[in-house]
Amino acid sequence: MSTSLLNVRNLKVSVGGKAILFGVSLKIIPGELHVLMGPNGSGKSTLAKALAGDPAVHVTGGSARFAGKSLLTQAADVRARAGLFLSFQYPVGMPGLSLSHFLTAAVRERKWDESAVARELPPMLNFLQLPSDVFSRDVNEGLSGGEKKRSEIAQLGVLLPKLAVLDEPDSGLDVDALQALAKVIDRFHRQGMAMLLITHYSRLLKYLRPDAVHVMVGGKLVKSGGPHLAEEIEQRGYEPLLPPV
Amino acid sequence: MTPDRLRQIVTSKPASRYSFRDPERPVLRSPKGLSKVVVDLISEQKDEPAWMRRIRHEGLRHFLRLPLPPFGPDLSRLKFDELYFYLKPSERKAQTWDDVPPEIQRTFNRLQLPKYEQEFLAGVGAQYDSENIYHHVLPQLRKQGVIFSDVETAVRERPDLVKKYFGKLVPSSDNKFAALNTAVWSGGSFIYVPPHVHVELPLQAYFRINASRMGQFERTLIIADEGSFVHYVEGCSAPTYQASALHSAVVEVYAERSAHVRYTTLQNWSKNVYNLVTKRARAAANATVEWVDFNLGSGVTMKYPAVLLTGRGARADILSMAYAGKHQHQDAGARVLHLAPETSSVITSKSVSYGGGRTTFRGRLRVAPNAADCRSQISCQALILDRHSASDTFPTLEVDNASAVVAHEASVAKISDAQMFYAGTRGIPSKQAAALVVNGFFEPLIKELPMEYAVEMNRLIEMEMVGAVG
Ligand SMILES: Nc1ncnc2c1ncn2[C@@H]1O[C@H](COP(=O)(O)OP(=O)(O)O)[C@@H](O)[C@H]1O
Ligand SMILES: [Mg+2]
């Protein structure tokens, strides 16, 4: 189907010689918000990294198309410039490189107007309740876990991807910060940005209107459904979805 | 970084805009190799007094006697017999760019020296192979008694100053290369700043090697009299040749009571150049000496700018930046001797190695027994971009006065695959990401430079890292 923004078919990957994903299929239409849930270690982050082009994740089978092109052979930076964004569960620091410089370079690579950084980034930081000097601080340096997550999300406002893969952006946030995060996600979603939101908890979902919820267990999507699926998991946990031992 | 990405970076090195060469048309060239005949030929060319010729002969004696340095990079491929020790590019020295031979003028235009001179320099000296071919200083400074010339001119016009200071900080017996320079020195800069004169704009010298198998041996002598200030900047470059070239300078800086000297070097020799330099300064009471040393070029550099703090309250500030790529070994460092009470020093080193390059930092700090209440802060940071590259640090601290406060820190950082991937997910290719990290790493040091050089420096790093032809 040519209308899908992302079309992943039967994706199998391994990391360090160990198979992690065992045939994942997923289709996202432009502007849709998909939620990916699942117990720790089920392969959610690995899927996110495989989509973003982490050289450490080896594709052993399947295919993926993004924005009309075959995805899996492209380098990470090419995928990013085609409109794919990944907000990391554990973002690395870039000592000696300020967030504003870093994003200016990212914008320059897209041949966009570099003034976007100074215009868009400070209001995002402010809205996400981050100290304003995060702008000029080194990328992900000297920030708490929750601050790093929000700093990742703030970058959305500058890079405006077609599809944002957000890997547990809600962990480590207090209620206020969580609400601010939800508002930002909701705003971009309503503006037409597609999202794949990875989360453990349904607490973030209270504020959002996802188009689909998927559950990953043991490197496979074991169930997909509407928002009600998140509520089910909230009440009953993942147990009913786990394979019998 | 993965070997593949690394190879990309290394093989995409630009033919830099410094590597062009002119046809060689010297008016005089010494025979190959070093001998008393060559030393005498140089001395005759300069029509020197006998006392200077004696100094040269003594230098030659020490050169023949002294061994190569027992530490540091491999110098076994440096063949003294294959080098030309003196090469005179033109008959006379010009005071306006129009009087410089057109080819040489074109060279310096490409290096933008006349432009910088107009925009922000108080004086300029330009050396091409063995001789200064241009020298100029703002007339108002001349009226204030500031001297900026080559050392030959000073030998003729201010023998009093030359006899008092030449070779007193770096005697020819100091090391093999100091001895060599003393024997065959030619060109370089002589600066005298009278008491309480502040030279607000920098004085710059540019050293260009054009000929193949060349040895360039400029000599620099800076005397800042009481309460004066001067900022001297030197830049250098050379075309790339197969055969090795040698650059071996001796620099002596005297900051008299309460004077302030800042000495900035932007070293960008081509990779076939051995850059073996002895730099030493003496700071009298309450004087300040700053060495700002940026080593980007050359195949092998050995250079450890030193400051002798001989007067109460004297200060030394040494910034050393080194950048070593494929086939490069930057063996740089700093030496500070606290020889008087209440003296202080700051030594900061930052180095980057990549593509098989190697950086070494040798820091030596000594606090003499009589030097009470001294302070020193040494900080050493290395960034290694891949596993083919290396960095070593050799700090030597000899503190013989218990009241000294000495702080020392060192760190080594690497760019990880995770960082490269992170930059990739933002749309930044790995080469650009590495350039960004390197620029960020050096930025606090580069900020210390005058604007124009800072821009130049950032561009050089970018060129090296990304391979964009400048
Ligand atoms: N670098 C790695 N080397 C080997 N195994 C890994 C590596 N990273 C993750 N894994 C394994 O891959 C599986 C999926 O991990 P991950 O994708 O992080 O799960 P999730 O994000 O769902 O918690 C886990 O079993 C984990 O132990
Ligand atoms: Mg995870």
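The values are calculated or read from the model by the stated rules, or taken from the named source; none is laboratory data. Keep in mind the model is a prediction, meaning the values are calculated, not measured. Using ideal geometry, Cβ is built from the backbone for each residue, glycine included, and neighbour counts are taken over all protein chains shown. We work out accessible area using only protein heavy atoms, side chains counted, and drop any ligands, DNA or RNA first. Shrake-Rupley method; radii C 1.70, N 1.55, O 1.52, S 1.80 Å.
State yes or no: is A:A80 small (G, A, S), closer than 22 Å to A:S151 by Cα and modelled with pLDDT of 95 or more?
Yes.
Select, from B:G215, B:G235, the only residue that is under 17 Å from the mean Cα position of the chain (by Cα), under 20 Å from B:E131 (Cβ atoms) and surrounded by fewer than 24 Cβ atoms within 10 Å (Cβ to Cβ).
Residue meeting the stated conditions: B:G235.
So in the range B:420-443, with the set limited to residues that are free of Cβ contacts under 8 Å to residues at least 12 places away in the same chain and assigned to a helix (DSSP H, G or I), which one is farthest from the other protein chains (Cβ to nearest Cβ)?
B:E443
Restricting attention to the range A:153-170, which residues are within 16 Å of ligand 1 (Cβ to nearest atom) and either touching a His at 6+ places or on another chain (Cβ under 7 Å) or open to solvent by 10 Å² or more (accessible area, probe 1.4 Å) (or both)?
A:E168
When you go through (1) open to solvent by 20 Å² or more (accessible area, probe 1.4 Å); (2) more than 13 Å from ligand 2 (Cβ to nearest atom); (3) away from chain B (no Cβ under 14 Å); (4) in contact with a helix residue (DSSP H, G or I) (Cβ under 7 Å, 6 or more places away or on another chain) one by one for A:K12, which number turns out not to apply?
(4)
For residues that are open to solvent by 10 Å² or more (accessible area, probe 1.4 Å) and in a helix (DSSP H, G or I), scanning just the range A:83-105, find the one that is nearest to the other protein chains (Cβ to nearest Cβ).
A:H101
Name, by its number, the condition in (1) open to solvent by less than 10 Å² (accessible area, probe 1.4 Å); (2) more than 9 Å from chain B (Cβ to nearest Cβ); (3) over 21 Å from A:L205 (Cβ atoms); (4) away from ligand 1 (no atom under 16 Å from the Cβ) that does not hold for A:A80.
Exception for A:A80: condition (2).
Consider A:R108 against the criteria (1) more than 8 Å from every other protein chain (Cβ to nearest Cβ); (2) in a loop (DSSP other than H, G, I, E, B): it satisfies all of them except one. Which criterion is unmet?
Result: A:R108 passes all but (2).
What number of residues within the range A:50-71 satisfy the criterion of being within 16 Å of ligand 1 (Cβ to nearest atom), touching a residue at least 24 places away in the same chain (Cβ under 8 Å) and within 14 Å of chain B (Cβ to nearest Cβ)?
Qualifying residue count, the range A:50-71: 7.
Restricting attention to the range B:250-286, which residues are of a type in the set (G, A, S) and either more than 28 Å from B:T343 (Cα to Cα) or open to solvent by less than 10 Å² (accessible area, probe 1.4 Å) (or both)?
Within the range B:250-286, B:A255, B:A259, B:S270, B:A281, B:A283 meet the criteria.
Under 7 Å between Cβ atoms, at least 6 apart or on separate chains: pull out the pairs that start in the range A:35-49 with a residue that is within 14 Å of another protein chain (Cβ to nearest Cβ) and touching a residue at least 24 places away in the same chain (Cβ under 8 Å) and end on any residue that is open to solvent by less than 10 Å² (accessible area, probe 1.4 Å) and within 8 Å of ligand 2 (Cβ to nearest atom).
Cβ pairs passing all conditions: A:S45/A:D167; A:A48/A:D167; A:A48/A:I198.
Matching residues to (1) modelled with pLDDT of 95 or more; (2) open to solvent by 10 Å² or more (accessible area, probe 1.4 Å):
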{"position": "B:R110", "(1), (2)": "no, yes"}
{"position": "B:V124", "(1), (2)": "no, no"}
{"position": "B:I133", "(1), (2)": "no, no"}
{"position": "B:H136", "(1), (2)": "no, yes"}
{"position": "B:I147", "(1), (2)": "yes, yes"}
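Looking at (1) within 16 Å of ligand 1 (Cβ to nearest atom); (2) over 24 Å from A:L6 (Cα atoms), which one does A:R150 not meet, given that it meets all the others?
For A:R150, the exception is condition (1).
Does A:Y207 satisfy the condition of being within 14 Å of ligand 2 (Cβ to nearest atom) and of a type in the set (F, W, Y)?
When the stated conditions are applied, A:Y207 does not pass them.
Looking at B:D317 and the list (1) farther than 23 Å from B:R110 by Cα; (2) assigned to a loop (DSSP other than H, G, I, E, B), which single condition is not satisfied?
(2)
Considering every residue within the range B:368-377, establish whether at least one is assigned to a strand (DSSP E or B) and open to solvent by less than 50 Å² (accessible area, probe 1.4 Å).
The answer is yes, given that some residue of the range B:368-377 is assigned to a strand (DSSP E or B) and open to solvent by less than 50 Å² (accessible area, probe 1.4 Å).
Being modelled with pLDDT under 95, within 16 Å of ligand 1 (Cβ to nearest atom) and under 27 Å from A:L208 (Cβ atoms) narrows it down to one of A:G43, A:G38, so name that one.
Answer to the selection: A:G38.
Of all residues in the range A:26-62, which are in a strand (DSSP E or B), more than 14 Å from ligand 2 (Cβ to nearest atom), out of contact with any His (no Cβ under 8 Å at 6 or more places or on another chain) and open to solvent by less than 70 Å² (accessible area, probe 1.4 Å)?
Within the range A:26-62, A:V59, A:G61, A:G62 meet the criteria.
In the range A:130-144, is there at least one residue being away from ligand 2 (no atom under 16 Å from the Cβ), assigned to a loop (DSSP other than H, G, I, E, B) and closer than 14 Å to B:I428 by Cβ?
no
It is to be established whether one or more residues within the range A:213-220 are more than 16 Å from ligand 2 (Cβ to nearest atom), surrounded by fewer than 23 Cβ atoms within 10 Å (Cβ to Cβ) and either within 14 Å of chain B (Cβ to nearest Cβ) or on the phi < 0 side of the Ramachandran plot (or both).
no
Considering only residues that are of a type in the set (G, A, S) and surrounded by fewer than 21 Cβ atoms within 10 Å (Cβ to Cβ), look in the range B:325-360 and name the one that is farthest from B:D373 (Cα to Cα).
Residue satisfying both the conditions and the ranking: B:G356.
Hey, can you tell me all the residues within the range B:389-419 that are touching a residue at least 12 places away in the same chain (Cβ under 8 Å), over 28 Å from the mean Cα position of the chain (by Cα) and within 14 Å of another protein chain (Cβ to nearest Cβ)?
Within the range B:389-419, B:I415, B:D417, B:Q419 qualify.
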